[in-house]
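Take a look at the structure set out below.
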Ligand SMILES: Nc1ncnc2c1ncn2[C@@H]1O[C@H](COP(=O)(O)OP(=O)(O)O)[C@@H](O)[C@H]1O
Ligand SMILES: [Mg+2]
């Protein structure tokens with residue numbers, strides 16, 4: 001039985017050696033997650049801004065829906081995307097199942113509601129402050145949305161980072177639609193799950209350490225953003 | 001008494017002069033009810049072209065609400081408004097600007113705050129640059145052009161808000177207590193910007209608590225009490241010989257609050 005200390009030592013050595021397999025897994029993780037977060041922002045930022053800034057019938061319902069979807073269970077999302085992409089599913093002919101694209105789709109579905117719901121709150125608060133001034137100036141709807149998004153930029157960057165944090169640590173959905181295929185769809189979380197069950201603790205722990213470092217970096221970035229926003233009174 | 005007679009003559013002359021000025025904005029029977037409360041209760045008001053009209057009254061009298069109604073930010077429960085005797089359309093709204101009691105600063109630089117307003121008003125390129133430079137210069141904010149607007153002092157923010165409103169080249173400018181809580185130097189800077197705009201022909205409607213300010217700036221005074229006009233007329237007349245109990249008490253410095261509760 002290996003001691004925890006010796007496994008940790010081996011894990012750190014593995015990271016420092018720049019092991020090719022390890023780097024490939026980390027790179028794919030980051031590629032899938034960053035792509036998903038960008039896609040989620042492209043959908044979620046305007047969606048959240050529209051719900052946050054405009055009054056329309058069903059707005060309360062939309063808000064409740066967005067907030068509820070924030071807590072989507074990843075395995076359910078994985079299952080639904082699996083069914084859609086599987087050979088007999090509606091999107092089966094695209095042949096996307098067990099590809100990184102499938103993982104991006106699943107993560108985008110998970111992160112978009114998070115981005116949209118948090119954006120709605122941020123934009124609604126800012127709009128309360130700006131709306132009379134904007135109406136006085138005669139600001140049109142498109143300019144208004146653009147200005148609100150721009151002026152909330154610091155808060156929205158932390159929103160995107162929150163989405164990134166959630167996606168990079170997610171395992172349930174990507175393991176279902178990605179299948180954890182070596183050199184194809186293995187990402188950090190799925191590899192940890194698999195290698196731990198196989199007893200390959202060095203690789204699992206090495207990836208665990210990398211994930212933790214990423215989490216710390218994300219939080220440091222959030223705090224740095226908050227501080228610089230506060231300095232310019234932009235918070 | 002001869003003195004009294006002479007004064008009446010002066011008053012009448014002022015009233016006649018005021019009435020001779022064409023109305024830029026006129027409201028009749030303006031009423032606003034929220035939650036069953038009549039916050040604005042049948043106001044008739046006439047804003048003379050090129051005049052500086054000062055709206056006065058106790059906290060909670062409805063001054064800010066009246067300003068918002070006149071500027072079209074709130075839809076009145078009843079009443080009608082005219083612009084130069086005609087309908088109050090979109091172009092009339094575009095000819096107005098407002099500075100709020102608490103200036104709204106975008107989370108951008110001083111320069112970008114000005115640029116945004118001008119962009120909305122359709123100014124582009126060199127014309128916009130020139131207008132921005134002029135506004136910065138007039139408001140003495142040139143050195144702060146690149147600073148985030150929200151780190152400016154209260155006086156500087158108020159100056160920027162006023163400069164931004166004036167840069168839009170309004171015919172009618174609404175100001176809600178533009179010098180409340182400012183020190184004398186800042187107050188003077190704001191007042192001279194207002195006086196300067198007025199000299200260039202901008203019609204001004206401003207809310208103020210400050211009797212000295214009324215003496216320095218007002219052409220006409222509208223005195224509100226509990227959502228109604230207690231008294232209105234040329235400043236020279238209202239300030240010297242108020243006819244209403246409310247305005248008289250105010251001028252004598254007797255403090256009072258409206259029953260509706262105090263609020264800034
Ligand atoms: N949105 C609102 N809903 C209900 N009451 C309001 C609202 N806005 C203002 N009031 C009330 O209307 C009265 C007049 O307000 P306001 O015009 O702000 O007074 P002021 O003369 O001090 O500017 C106050 O009693 C205030 O509490
Ligand atoms: Mg007020």
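For residue B:106, state whether it is in a loop (DSSP other than H, G, I, E, B), more than 22 Å from residue B:206 (Cα to Cα) and at the interface with another protein chain (Cβ under 8 Å from one of its Cβ atoms).
Numbers: in a loop (DSSP other than H, G, I, E, B): yes; more than 22 Å from residue B:206 (Cα to Cα): yes; at the interface with another protein chain (Cβ under 8 Å from one of its Cβ atoms): yes.
Criteria met by residue B:106.
What tally of residues in region B:109-142 results from selecting those that are assigned to a loop (DSSP other than H, G, I, E, B) and surrounded by 20 or more Cβ atoms within 10 Å (Cβ to Cβ)?
Going through region B:109-142 one residue at a time, the tally reaches 2.
So, in region B:93-107, exactly how many residues are surrounded by fewer than 20 Cβ atoms within 10 Å (Cβ to Cβ) and touching a strand residue (DSSP E or B) at 6+ places or on another chain (Cβ under 7 Å)?
2
Within region A:130-149, count every residue that is facing chain B (nearest Cβ under 8 Å), part of a helix (DSSP H, G or I) and surrounded by fewer than 20 Cβ atoms within 10 Å (Cβ to Cβ).
The total comes to 3.
Just wondering, is there one or more residues in region B:141-150 that are within 14 Å of chain A (Cβ to nearest Cβ), within 19 Å of residue A:126 (Cβ to Cβ) and in contact with a strand residue (DSSP E or B) (Cβ under 7 Å, 6 or more places away or on another chain)?
Yes: one or more hits.
Name the pairs: first residue in region A:222-235 and at the interface with another protein chain (Cβ under 8 Å from one of its Cβ atoms) and over 12 Å from residue A:156 (Cβ atoms), second residue surrounded by 15 or more Cβ atoms within 10 Å (Cβ to Cβ) and modelled with pLDDT of 90 or more, Cβ to Cβ under 7 Å, at least 6 apart or on different chains?
Close Cβ pairs (under 7 Å, with a partner that is surrounded by 15 or more Cβ atoms within 10 Å (Cβ to Cβ) and modelled with pLDDT of 90 or more) amount to A:232/B:148; A:232/B:151; A:233/B:148; A:233/B:150; A:233/B:151.
Return the only residue of B:66, B:39, B:70 being away from chain A (no Cβ under 14 Å), within 16 Å of ligand 1 (Cβ to nearest atom), closer than 30 Å to residue B:230 by Cα and part of a helix (DSSP H, G or I). Let's see the steps before the verdict.
Numbers: B:39 fails: part of a helix (DSSP H, G or I); B:70 fails: away from chain A (no Cβ under 14 Å).
Exactly one residue qualifies, and that residue is B:66.
Which of the following residues is surrounded by 13 or more Cβ atoms within 10 Å (Cβ to Cβ), closer than 23 Å to residue A:119 by Cα and touching a residue at least 24 places away in the same chain (Cβ under 8 Å): A:45, A:79?
A:45
May I ask you to list the residues in region B:73-92 that are more than 16 Å from ligand 1 (Cβ to nearest atom), within 14 Å of chain A (Cβ to nearest Cβ) and surrounded by fewer than 17 Cβ atoms within 10 Å (Cβ to Cβ)?
Scanning region B:73-92 gives B:89, B:90, B:91.
To keep it simple, each residue is scored yes or no on (1) surrounded by fewer than 19 Cβ atoms within 10 Å (Cβ to Cβ); (2) over 17 Å from residue B:51 (Cβ atoms); (3) away from ligand 2 (no atom under 15 Å from the Cβ).
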site: B:168; (1), (2), (3): no, yes, yes
site: B:171; (1), (2), (3): yes, no, yes
site: B:174; (1), (2), (3): no, no, no
site: B:181; (1), (2), (3): yes, yes, no
site: B:192; (1), (2), (3): yes, yes, yes
site: B:203; (1), (2), (3): no, no, yes
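Within the set of pairs 6+ apart or on separate chains, which have a first residue in region B:46-57 that is without any contact (Cβ under 8 Å) to a residue 60 or more places away in the chain, a second that is in a strand (DSSP E or B) and surrounded by fewer than 24 Cβ atoms within 10 Å (Cβ to Cβ), and C-beta atoms under 6 Å apart?
From residues that are without any contact (Cβ under 8 Å) to a residue 60 or more places away in the chain, the pairs are B:46/B:23; B:46/B:26.
Of the residues that make up region A:116-129, is at least one in a helix (DSSP H, G or I) and within 10 Å of chain B (Cβ to nearest Cβ)? Outline the logic, then answer.
Just the residues of region A:116-129 that are in a helix (DSSP H, G or I), to begin with: A:116-129.
From the residues that got through so far, the ones that are within 10 Å of chain B (Cβ to nearest Cβ) too are A:126, A:129.
Scanning region A:116-129 turns up at least one residue that is in a helix (DSSP H, G or I) and within 10 Å of chain B (Cβ to nearest Cβ).
Can you say whether residue B:61 is modelled with pLDDT under 90 and either part of a loop (DSSP other than H, G, I, E, B) or more than 16 Å from ligand 2 (Cβ to nearest atom) (or both), as far as the supplied structure shows?
Criteria not met by residue B:61.
What do you reckon, is residue B:165 more than 16 Å from ligand 1 (Cβ to nearest atom), within 14 Å of chain A (Cβ to nearest Cβ), under 18 Å from residue B:70 (Cβ atoms) and at pLDDT 95 or above?
Yes; evaluated as a whole, the condition is true for this residue.
Against the condition closer than 19 Å to residue A:230 by Cβ and crowded, with 17+ Cβ neighbours inside 10 Å, how does residue A:127 come out, does it pass? Write out each step before concluding.
Working: closer than 19 Å to residue A:230 by Cβ: no; crowded, with 17+ Cβ neighbours inside 10 Å: yes.
No: the conditions fail for residue A:127.
The values are calculated or read from the model by the stated rules, or taken from the named source; none is laboratory data. Predicted model only: the values in this text are computed from it and were never measured. All Cβ positions, even for glycine, are placed from backbone atoms using ideal geometry, and neighbour counts span all protein chains on display.
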